[in-house]
Amino acid sequence: MDDGKDRHTYHLDRAYYGLYVPRMMWRELANFSSGSICLVMASLLYNEDEYIRNYNQFVAARPAA
């Protein structure tokens, strides 16, 4: 998880662990074990146009602190 200033790594190594990801957070998913599942719950339908795919564009789009 990366908010454009700070970066944190979370290890979801138990079936009962979850992680809330708020808006405007850069995230990378890695190191999935065999048979694992990634479940995403969202309040709105997916719209490709609303996503930033480039990290530098993400940092530039962050509101000033």
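Every number here is computed from the coordinates shown, using simple stated rules; none is lab data. Keep in mind it's a predicted model, so treat the numbers as computed, not measured. Quick reminder, even Gly has a Cβ in these numbers, built from the backbone with ideal geometry, and neighbours come from all protein chains shown.
Please give me, ordered by residue number, the chymotrypsin sites (Phe, Trp or Tyr not before Pro) of the chain that lie in loop per DSSP and have at most 15 other Cβ atoms within 10 Å.
Values: sites: Y10, Y16, Y17, Y20, W26, F32, Y46, Y51, Y55, F58; in loops: Y10, Y16, Y17, Y20, F32, Y46, Y51.
Within the chain, the qualifying chymotrypsin sites (Phe, Trp or Tyr not before Pro) (loop, at most 15 other Cβ atoms within 10 Å) are Y10, Y16, Y17, Y20, F32, Y46, Y51.
Over all directions, what mean area does the Cα convex hull of region 9-58 project, stated in square nanometres? Please report the intermediate quantities before stating the final value.
Values: hull surface 18.8 nm².
With the hull built on Cα positions only, its mean projection is 4.7 nm².
Can you show me the helix-derived [θ] at 222 nm for the chain, built from DSSP H runs with n ≥ 4 at -39,500 (n - 2.57) apiece and divided by the number of residues, rounded to the nearest 500.
-2500 deg cm²/dmol
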